[in-house]
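Notes follow the structure.
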Amino acid sequence: MTGSVTVRVPAKVNVQLAVGGRRPDGFHDLANVFLAVGLHDKVTASPADHQDDRGGAGGPRLTVSGPDADHVPLDDGNLAVRAARLLAERHGRDPGVRLHIAKDIPVAGGMAGGSADAAGALLACDTLWGTRTPYPELLALCAELGSDVPFSLAGGAALGRGRGELLEPLETGGTFHWVFATADGGLSTPDVYRTCDRLREAAGGGATVESVPDPEPSLALLDALRRGDAAALAGELANDLQPAAVALRPALNATLEAGLAAGALAALVSGSGPTCAFLVKDAEAGTRTAQALRASGTCRTARPASGPVRGAEVV
């Protein structure tokens, strides 16, 4: 085992996130339409040559660089570390490995950065160790790690059911252009779901599976994706978690309004937030909208990106 392996893995945006009622196990069934976009983390796996590199008792050692690296856990609280351990356990081998994550996906921003790192670590370690795990088994390992991890491995566009981990690839008819506005600080995904439940109960509709309809994808949205029609897609973007994210971070309203005022076709909170996503007409509009958002003072920064893009891949 020599050298190192680097895997590039994309962020995601949820063009539709339909959330069912709270199940008895505390989770929610989803109809989650994912699109992988061109903001990437890079995960590098290198051999653990010395005891100091073995994370104590033969475990992964993790380092992180890039924006907000100091907010990323370096222990088993990091999904990438858990991914390396899970793969090693599955193949009955020592999990000693050095992992480095070069962050570019917003941290705790609703764009699946942690899930992307987990998928990247799985593929990087599988390649480094020569364990040659079949792709369906890698997807199953991803699902054990978290709801968004399988899509981070797969990329492209997909409908996620269950907790989001049961993927159905979707056809897209072209490239969609986006701007992503990041906020200061993150939002806890469990807090956002709990707030979603609380808001549903406060509205008198209930929050459990008995009182919330089963989540279903919008057929018009899937058709817009298939045709590559950004204008039609703009009218169908939806996120059932957005009211909860805005309730926890009211300043997001100003960000959403600033992007629309700058000419975006549509705006929504990405996933559990607090990153805001703006669908724009083309790359030129993306550049203009990002500049206007940065100048608005309503976000920390704003960056254009497009999708769909490939999932985790060795580079």
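The values are calculated or read from the model by the stated rules, or taken from the named source; none is laboratory data. Please read all numbers here as calculations on a predicted model, not as lab measurements. Note: ideal-geometry Cβ built from the backbone for every residue, glycine included; neighbour counts use all protein chains shown.
In this structure, is Ala290 at pLDDT 95 or above, among the aliphatic types (A, V, I, L, M), surrounded by 15 or more Cβ atoms within 10 Å (Cβ to Cβ) and not in a helix (DSSP H, G or I)?
No.
Please specify each residue of the range 263-304 satisfying the condition of being touching a Leu at 6+ places or on another chain (Cβ under 8 Å) and over 16 Å from Ala230 (Cβ atoms). Lay out the reasoning, then the answer.
Residues of the range 263-304 touching a Leu at 6+ places or on another chain (Cβ under 8 Å): 264-269, 271-274, 276-281, 299, 302-303.
Matches in the range 263-304: Val269, Gly271, Ser272, Gly273, Pro274, Cys276, Cys299, Ala302, Arg303.
If I ask for residues that are surrounded by 19 or more Cβ atoms within 10 Å (Cβ to Cβ) and at positive phi, which ones from the range 235-274 would you list?
Gly271, Gly273
Given the options Gly286, Gly271, Gly263, name the one that is in contact with a Lys or Arg (Cβ under 7 Å, 6 or more places away or on another chain), touching a residue at least 12 places away in the same chain (Cβ under 8 Å) and either farther than 27 Å from Ser188 by Cα or not assigned by TED's automatic domain parsing to the domain that holds Asp104 (or both).
On the way: Gly286 fails: in contact with a Lys or Arg (Cβ under 7 Å, 6 or more places away or on another chain); Gly271 fails: in contact with a Lys or Arg (Cβ under 7 Å, 6 or more places away or on another chain).
Step by step, each of Gly286, Gly271, Gly263 is checked, and only Gly263 is in contact with a Lys or Arg (Cβ under 7 Å, 6 or more places away or on another chain), touching a residue at least 12 places away in the same chain (Cβ under 8 Å) and either farther than 27 Å from Ser188 by Cα or not assigned by TED's automatic domain parsing to the domain that holds Asp104 (or both).
Does Ala116 count as at pLDDT below 95, closer than 24 Å to Ala183 by Cα, under 16 Å from the mean Cα position of the chain (by Cα) and of a type in the set (A, V, I, L, M, F, W, C)? Quick ask: steps written out before the conclusion?
On the way: at pLDDT below 95: no; closer than 24 Å to Ala183 by Cα: yes; under 16 Å from the mean Cα position of the chain (by Cα): yes; of a type in the set (A, V, I, L, M, F, W, C): yes.
No, not satisfied.
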